[in-house]
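**Q** What follows is a structure written as structure tokens; I'll ask about it next.
The values are calculated or read from the model by the stated rules, or taken from the named source; none is laboratory data. Worth saying up front: this structure is predicted, and the values here are computed from it rather than measured. Here Cβ is always computed from backbone atoms with ideal geometry, including for glycine, and neighbour counts include all displayed protein chains. We work out accessible area using only protein heavy atoms, side chains counted, and drop any ligands, DNA or RNA first. Shrake-Rupley method; radii C 1.70, N 1.55, O 1.52, S 1.80 Å.
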2 protein chains.
Amino acid sequence: MTDSPEGTPAAENAAPHAVSRRRLFGAVGAGAVLAGAGAVIGRVTADENSGTDHADVVAFRGEHQAGITTPAQDRMHFVAFDVTTKSRDELITLLQTWTAMAERMTAGQEATEDGATGDGPYAPPSDTGEALDLAPSQLTLTIGFGPSLFDDRFGLADKKPAALLDLPHFRADNLDPNRSGGDIAIQACANDPQVAVHAIRNLARVAFGTASVKWSQLGFGRTSSTSTTQATPRNLFGFKDGTANIKAEDPNALAQHVWVDPTDDQAWMAGGSFLVARRIRMLIEQWDRAVLKEQEAVIGRSKRSGAPLGAKDEFDELDLDSKMGHDFVIPEDSHVRLASAEELGGIQILRRGYNFTDGSDGFGHLDAGLFFVAYCRNPVEQFVPMQQNLSRHDALNEYIQHVGSAVFACPGGLADGKDWSSQLFT
Amino acid sequence: MTDSPEGTPAAENAAPHAVSRRRLFGAVGAGAVLAGAGAVIGRVTADENSGTDHADVVAFRGEHQAGITTPAQDRMHFVAFDVTTKSRDELITLLQTWTAMAERMTAGQEATEDGATGDGPYAPPSDTGEALDLAPSQLTLTIGFGPSLFDDRFGLADKKPAALLDLPHFRADNLDPNRSGGDIAIQACANDPQVAVHAIRNLARVAFGTASVKWSQLGFGRTSSTSTTQATPRNLFGFKDGTANIKAEDPNALAQHVWVDPTDDQAWMAGGSFLVARRIRMLIEQWDRAVLKEQEAVIGRSKRSGAPLGAKDEFDELDLDSKMGHDFVIPEDSHVRLASAEELGGIQILRRGYNFTDGSDGFGHLDAGLFFVAYCRNPVEQFVPMQQNLSRHDALNEYIQHVGSAVFACPGGLADGKDWSSQLFT
């Protein structure tokens, strides 16, 4: 059984009825390339099974990878792999296979042409099936390569970007090696978590014998906006998070702080970005016992409105000089000051984090926090000094603990005919 | 700062604009009581921050607790508590406090009247704030009491329902005590996971010193329908799950199989139900290597359509007698046959489970599966014989492992003026 192009066109403002993954097939291929990766190119309403999310398709190919400046989807499933083969050819084949699957799944199709039932009764289905009735849900799949991939196994040592270094130890880091590092990362974001989990699960499955899951993290709710079209969400400290984030609508900021320029480093990273992931456990019980004034002083913003202390509206500029008596209105050890571009000599990063809760910590509390994901042009020059400043001085450190850490080099987007091995292995 | 009844009425078909938790206040109290617990009584569209979910309010009070026959929401956060106080009065006070908070939160309000910022700068906020801008999202909060609560600590021994027994060991159970049992359970279901997590987190927080979190589980996607208005979702084996589930629209089945009759057992359980929770790890890597014919034979249904083997449509009746040669078309060890009312002498339960994925298992695989939640009138007469049959004969056992288990007695719904201590402690 193969997919047939029987679908309604997935055009903007298409009729609002359920469109299954199969029926969507054939409608999005060409449009996707034209619109460029990250652009929302199709809009259909969700199938009943997908809950209530709208079901846009985000273009897979383009100048940059989707999932970076794409308006942050509601849910995330993130996975880091260890490559288990020592064969360069097997790794290349996996990256090619992954690309074909990823392109199909982001278009709302089954992972392979045969799909969940088309291989016949005597073969294992080549799609696992749990997203069969679900809408595309703006799925994006973003790949990155960790420092460890550039050792002597695959002949990649001379391709290692100078900026792709294991992050240094930061003060108070309490990293779990089982939640850190990895040779390859894939970030799946979607408005339906089952679509994100399905994608990661199918990519992990086909990697059997070549790469295995080192760690994975489900993020239940976005805690960053990456577009001016989005309201600012709240983290589990109850504060609006990422008000001052770089937005997709600011191409100058993206060029300066997010996208790697071909002259920066390795040519294969042109149009790419570096991904920093930090699993930040929030000590919510301690936080919840802090008085409002303390919470707002720690963050440097009003809890309800998100406005900087001393200001009225969320998007008012930080006034870092204003004083009340001898003290700064926005305290010297407040998070918003220490993380500000003003404080950091102009450093900015694109944040794309998610709230998580992973059961209990075994001591009567929820294991909850922020899965911090950020993109930047050079982690050594951006994330590292920022985190050094924060780890040394941030009043928030009393209430958080960094327990996982990883950094990955994400190449640029794919032109037609290219795949996830093209940039790195040629 | 206190809430004021400034809101737009949260009536069915209210104007589709954003309604914050605060502005909704005052509009839903009376309507909720009239409509009965579990009924959807308000409909507003979601605030931008809540993603794309519709923002209905489900009535908190009524004959039965909401969250049982309420059309299954998309996401769940489930928590089991150990009671840490030995004081009966403190426990009663906690249940009263929880009730007031739960009623507010399900109506889309902050957890307390003072809320996230109204206690003043020198008090810890009495709402943690992360749901401030989010719509009600059909939040339901359902409470249940575990067998261990009825020991000698609180004078409840003679209130213990005869049907509330720790579940027996089933064949191949591999239970983790840290994911099993508990004195009190609260099930939070909502279409926005942040609303569910916020509710559990605030209830856990206020319990400090009286009860502590024993375990909790996030379910990212519903895998049951509890209403004929809902399409059947798929589990992580890629199959439609719960096709034959009891539906809210079948009051006779509910009366027979779900709701406790006052003459059944303890009078305080009238209108209540028993909740069985099982964390079922799915060995998805083994499953994914099984051929389609084997998968369909194990389940007893077609993968794509969900139809019983030998039938055409998902909702066609099981033909358990039909044979192909010497073999039954629906195999003798198939899950659908063994779990069927026909096979079990008429036993049925109301399933309300959720898919989960909790990172990696440490062996290169995703830790994923089904958080099985079911409601029944008598677990000893319904769940136990069903699970004994399944654990002994079900072909599915090769691909799953039960790793967590709990049972709770959930009282009936609350009349006006009553709280979660009223039924059990009077």
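**Q** Inside segment B:221-240, can you point out the residues that are open to solvent by 10 Å² or more (accessible area, probe 1.4 Å) and either free of Cβ contacts under 8 Å to residues at least 60 places away in the same chain or more than 10 Å from chain A (Cβ to nearest Cβ) (or both)?
**A** B:Thr228, B:Ala231
**Q** Across segment B:285-299, what is the number of residues that are surrounded by 19 or more Cβ atoms within 10 Å (Cβ to Cβ) and aliphatic (A, V, I, L, M)?
**A** 4
**Q** Residues of segment B:375-401 being in contact with a strand residue (DSSP E or B) (Cβ under 8 Å, 6 or more places away or on another chain), open to solvent by 20 Å² or more (accessible area, probe 1.4 Å) and over 20 Å from B:Trp268 (Cβ atoms), which ones?
**A** Listed by number, the residues that qualify are B:Ile400, B:Gln401.
**Q** Please identify the pairs in which a residue from segment B:274-289 that is more than 10 Å from chain A (Cβ to nearest Cβ) has its Cβ atom under 9 Å from the Cβ atom of a residue that is among the acidic types (Asp, Glu) and part of a helix (DSSP H, G or I), counting only partners at least 6 apart or on another chain.
**A** B:Leu283/B:Glu398; B:Gln286/B:Glu398
**Q** Scan segment A:62-86 for residues that are farther than 23 Å from A:Ser405 by Cβ and within 17 Å of the chain's Cα centre (by Cα) and jot them down.
**A** A:His64, A:Ala66, A:Thr69, A:Thr70, A:Pro71, A:Gln73, A:Asp74
**Q** Another question, then. So B:Asn397 fits all but one of (1) touching a Leu at 6+ places or on another chain (Cβ under 9 Å); (2) more than 14 Å from chain A (Cβ to nearest Cβ); (3) assigned to a strand (DSSP E or B); what number is the exception?
**A** Just one mismatch for B:Asn397, condition (3).
**Q** Next question, about the same structure. Please give the number of the condition A:Ala297 fails out of (1) within 25 Å of the chain's Cα centre (by Cα); (2) within 14 Å of chain B (Cβ to nearest Cβ).
**A** (1)
**Q** Another question, then. Given the residues A:Val213, A:Val206, which is the only one that is surrounded by fewer than 23 Cβ atoms within 10 Å (Cβ to Cβ) and touching a helix residue (DSSP H, G or I) at 6+ places or on another chain (Cβ under 7 Å)?
**A** On the way: A:Val213 fails: surrounded by fewer than 23 Cβ atoms within 10 Å (Cβ to Cβ).
The unique qualifying residue is A:Val206.
**Q** So, one more: Tell me which residues, restricted to segment B:200-220, are more than 7 Å from chain A (Cβ to nearest Cβ), under 24 Å from A:Arg75 (Cα atoms) and either of a type in the set (Gly, Ala, Ser) or assigned to a loop (DSSP other than H, G, I, E, B) (or both).
**A** Matches in segment B:200-220: B:Gly219 only.
**Q** Something else: Of the conditions (1) surrounded by 21 or more Cβ atoms within 10 Å (Cβ to Cβ); (2) modelled with pLDDT of 95 or more, B:Leu366 satisfies every one except a single condition; which number is it?
**A** Here B:Leu366 meets the rest and fails (2).
**Q** If you don't mind, another one. Just the residues that are closer than 21 Å to A:Pro161 by Cβ and surrounded by fewer than 16 Cβ atoms within 10 Å (Cβ to Cβ), please, taken from segment A:243-284.
**A** Once the filter is applied, which keeps residues that are closer than 21 Å to A:Pro161 by Cβ and surrounded by fewer than 16 Cβ atoms within 10 Å (Cβ to Cβ), segment A:243-284 yields A:Ala255, A:Gln256, A:Asp261, A:Pro262, A:Thr263, A:Ala267.
**Q** Go over the candidates B:Leu156, B:Leu132 one by one and state the one that is farther than 24 Å from B:Arg352 by Cα, within 14 Å of chain A (Cβ to nearest Cβ), touching a residue at least 60 places away in the same chain (Cβ under 8 Å) and not hydroxyl-bearing (Ser, Thr, Tyr).
**A** Of B:Leu156, B:Leu132, the one residue that is farther than 24 Å from B:Arg352 by Cα, within 14 Å of chain A (Cβ to nearest Cβ), touching a residue at least 60 places away in the same chain (Cβ under 8 Å) and not hydroxyl-bearing (Ser, Thr, Tyr) is B:Leu132.
**Q** Considering only segment B:300-315, state which residues are among the small types (Gly, Ala, Ser), open to solvent by less than 20 Å² (accessible area, probe 1.4 Å) and either farther than 13 Å from B:Lys240 by Cβ or facing chain A (nearest Cβ under 10 Å) (or both).
**A** The one that is among the small types (Gly, Ala, Ser), open to solvent by less than 20 Å² (accessible area, probe 1.4 Å) and either farther than 13 Å from B:Lys240 by Cβ or facing chain A (nearest Cβ under 10 Å) (or both): B:Gly306.
**Q** Does segment B:243-251 contain at least one residue that is within 14 Å of chain A (Cβ to nearest Cβ) and not in a helix (DSSP H, G or I)? Spell out how you get there, then give the answer.
**A** Quick first cut of segment B:243-251, residues within 14 Å of chain A (Cβ to nearest Cβ) only: B:243.
From what's left, not in a helix (DSSP H, G or I): B:243.
Looking through segment B:243-251, at least one residue is within 14 Å of chain A (Cβ to nearest Cβ) and not in a helix (DSSP H, G or I).
**Q** If you don't mind, there's one more thing I want to ask. From the list B:Gly155, B:Gly182, which residue is in a loop (DSSP other than H, G, I, E, B) and buried (at least 23 other Cβ atoms within 10 Å of the Cβ)?
**A** Working: B:Gly155 fails: buried (at least 23 other Cβ atoms within 10 Å of the Cβ).
Step by step, each of B:Gly155, B:Gly182 is checked, and only B:Gly182 is in a loop (DSSP other than H, G, I, E, B) and buried (at least 23 other Cβ atoms within 10 Å of the Cβ).
**Q** Name every residue in segment A:321-335 that is surrounded by 21 or more Cβ atoms within 10 Å (Cβ to Cβ), of a type outside the set (S, T, N, Q) and touching a residue at least 40 places away in the same chain (Cβ under 8 Å), in order of residue number.
**A** Scanning segment A:321-335 gives a single hit, A:His335.
**Q** Mind listing just one residue for me: the one in segment A:346-357 that is open to solvent by 30 Å² or more (accessible area, probe 1.4 Å) and touching a residue at least 40 places away in the same chain (Cβ under 8 Å) and, of those, farthest from A:Gln217 (Cα to Cα)?
**A** Selected residue: A:Gln348.
**Q** Mind listing just one residue for me: the one in segment A:119-129 that is among the small types (Gly, Ala, Ser) and open to solvent by 10 Å² or more (accessible area, probe 1.4 Å) and, of those, farthest from the other protein chains (Cβ to nearest Cβ)?
**A** In the first step, residues of segment A:119-129 are kept if they are among the small types (Gly, Ala, Ser); the result is A:120, A:123, A:126, A:129.
Those left that are additionally open to solvent by 10 Å² or more (accessible area, probe 1.4 Å): A:120, A:123, A:126.
Details: A:Gly120: 7, A:Ala123: 6, A:Ser126: 10 Å.
Taking the candidates together, the pick is A:Ser126.
**Q** Taking B:Leu318 as the residue in question, decide whether it is over 23 Å from the mean Cα position of the chain (by Cα), away from chain A (no Cβ under 14 Å) and buried (at least 22 other Cβ atoms within 10 Å of the Cβ). Explain how you work it out, then say what you get.
**A** Details: over 23 Å from the mean Cα position of the chain (by Cα): yes; away from chain A (no Cβ under 14 Å): yes; buried (at least 22 other Cβ atoms within 10 Å of the Cβ): yes.
Yes.
**Q** Another question about this same structure. Would you point out which residue out of A:Ser87, A:Ser126, A:Ser50 is over 30 Å from A:Gln256 (Cβ atoms) and modelled with pLDDT under 95?
**A** Details: A:Ser87 fails: modelled with pLDDT under 95; A:Ser126 fails: modelled with pLDDT under 95.
Answer to the selection: A:Ser50.
**Q** Filter segment B:71-109 down to residues that are in a loop (DSSP other than H, G, I, E, B) and buried (at least 24 other Cβ atoms within 10 Å of the Cβ) and give me whichever is farthest from the other protein chains (Cβ to nearest Cβ).
**A** B:Ala107
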